[in-house]
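Visitor: One structure, pasted below without further comment.
The values are calculated or read from the model by the stated rules, or taken from the named source; none is laboratory data. Worth saying up front: this structure is predicted, and the values here are computed from it rather than measured. Note that we place each Cβ from the backbone using ideal geometry, even for glycine, and neighbour counts take in every protein chain shown. The protein model used for the area step is the full one, side chains on, heavy atoms only, and it has no ligands, DNA or RNA in it. Shrake-Rupley method; radii C 1.70, N 1.55, O 1.52, S 1.80 Å.
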Amino acid sequence: QVHLVESGGGLVQAGASLRVSCVGSRASFTRYAMAWFRQPPGKERESVALIDWSGDDTDYADPVKGRFTISRDNAKKTLYLEMNSLKPEDTAVYFCAASRSPAIRPVPKYDFWGQGTQVTVSS
């Protein structure tokens, strides 16, 4: 079992930047592929960005390519999502998730989830 805790959400204006973080509770965090998902109000949860256990392989959803960057610091058991040029449509609860698989290809099942952090982008 891996306990994940997100932080760093908030209210920002369109065009601003924000970084959200996710801290894992166990050393096994370093062996897991990780991901950020988001759930906009009234919509289904969607994948935002994926990263393999080493940080060498990443993938992004089309709406965030070129604006968001996923990264991890395994020594700190922390996952990050740097979000730039934020748009009102990025407003959502952002969740981090961990997979027992170390790789992101093919897309793995995510076994552990955080509680989410709210990101609101005003126009």
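Visitor: Keeping to the stretch 11-23, report how many residues are out of contact with any Phe, Trp or Tyr (no Cβ under 8 Å at 6 or more places or on another chain) and surrounded by 13 or more Cβ atoms within 10 Å (Cβ to Cβ).
Guide: Filtering the stretch 11-23 for residues out of contact with any Phe, Trp or Tyr (no Cβ under 8 Å at 6 or more places or on another chain) gives 11-18, 23.
Still in the list and also surrounded by 13 or more Cβ atoms within 10 Å (Cβ to Cβ): 12, 14, 16, 18, 23.
So the answer is 5.
Visitor: Please find, within the stretch 24-43, the residue that is nearest to Cys96 (Cα to Cα) out of those that are of a type in the set (Lys, Arg) and surrounded by 14 or more Cβ atoms within 10 Å (Cβ to Cβ).
Guide: Quick first cut of the stretch 24-43, residues of a type in the set (Lys, Arg) only: 26, 31, 38, 43.
Still in the running and surrounded by 14 or more Cβ atoms within 10 Å (Cβ to Cβ): 26, 31, 38.
Working: Arg26: 15, Arg31: 15, Arg38: 9 Å.
The qualifying residue nearest to Cys96 (Cα to Cα) is Arg38.
Visitor: Under 16 Å from Arg19 (Cα atoms) and part of a loop (DSSP other than H, G, I, E, B): is that true of Ser101 in this structure? Don't jump to the end; show me each part of the working.
Guide: Values: under 16 Å from Arg19 (Cα atoms): no; part of a loop (DSSP other than H, G, I, E, B): yes.
No, not satisfied.
Visitor: Further question on the same structure: Taking Asp59, is it surrounded by 14 or more Cβ atoms within 10 Å (Cβ to Cβ), in contact with a Leu (Cβ under 6 Å, 6 or more places away or on another chain), within 16 Å of Ser101 (Cβ to Cβ) and not hydrophobic (A, V, I, L, M, F, W, C)? Steps first, answer last, please.
Guide: On the way: surrounded by 14 or more Cβ atoms within 10 Å (Cβ to Cβ): yes; in contact with a Leu (Cβ under 6 Å, 6 or more places away or on another chain): yes; within 16 Å of Ser101 (Cβ to Cβ): yes; not hydrophobic (A, V, I, L, M, F, W, C): yes.
Yes, satisfied.
Visitor: All but one of (1) in contact (Cβ under 8 Å) with a residue 60 or more places away in the chain; (2) surrounded by fewer than 16 Cβ atoms within 10 Å (Cβ to Cβ); (3) assigned to a loop (DSSP other than H, G, I, E, B) hold for Gln118, so report the exception by its number.
Guide: With respect to (1) in contact (Cβ under 8 Å) with a residue 60 or more places away in the chain; (2) surrounded by fewer than 16 Cβ atoms within 10 Å (Cβ to Cβ); (3) assigned to a loop (DSSP other than H, G, I, E, B), Gln118 is out only on (3).
Visitor: Moving on. Among the residues of the stretch 37-52, is there at least one that is in contact (Cβ under 8 Å) with a residue 24 or more places away in the chain, touching a Gly at 6+ places or on another chain (Cβ under 7 Å) and part of a loop (DSSP other than H, G, I, E, B)?
Guide: no
Visitor: Restricting to the stretch 1-36, and then to whatever is of a type in the set (S, T, N, Q) and assigned to a strand (DSSP E or B), can you tell me which residue is nearest to Thr120 (Cα to Cα)? Walk me through how you get there before you give the answer.
Guide: Initially, the stretch 1-36 is screened for residues of a type in the set (S, T, N, Q), giving 1, 7, 13, 17, 21, 25, 28, 30.
Next cut, assigned to a strand (DSSP E or B) only: 7, 13, 21.
Values: Ser7: 14, Gln13: 8, Ser21: 16 Å.
Among those residues, the one meeting the criterion is Gln13.
Visitor: With respect to Ala92, is the statement that it is of a type in the set (A, V, I, L, M) and without any contact (Cβ under 8 Å) to a residue 24 or more places away in the chain true?
Guide: Numbers: of a type in the set (A, V, I, L, M): yes; without any contact (Cβ under 8 Å) to a residue 24 or more places away in the chain: no.
Judged against the criteria, Ala92 is not a match.
Visitor: Taking the stretch 62-71 on its own, how many of its residues are surrounded by 12 or more Cβ atoms within 10 Å (Cβ to Cβ) and more than 10 Å from the chain's Cα centre (by Cα)?
Guide: The qualifying residues number 3.
Visitor: Please find, among Glu89, Glu46, the residue that is open to solvent by 60 Å² or more (accessible area, probe 1.4 Å), under 14 Å from the mean Cα position of the chain (by Cα) and modelled with pLDDT of 95 or more. Quick ask: steps written out before the conclusion?
Guide: On the way: Glu89 fails: under 14 Å from the mean Cα position of the chain (by Cα).
Unique residue meeting the criteria: Glu46.
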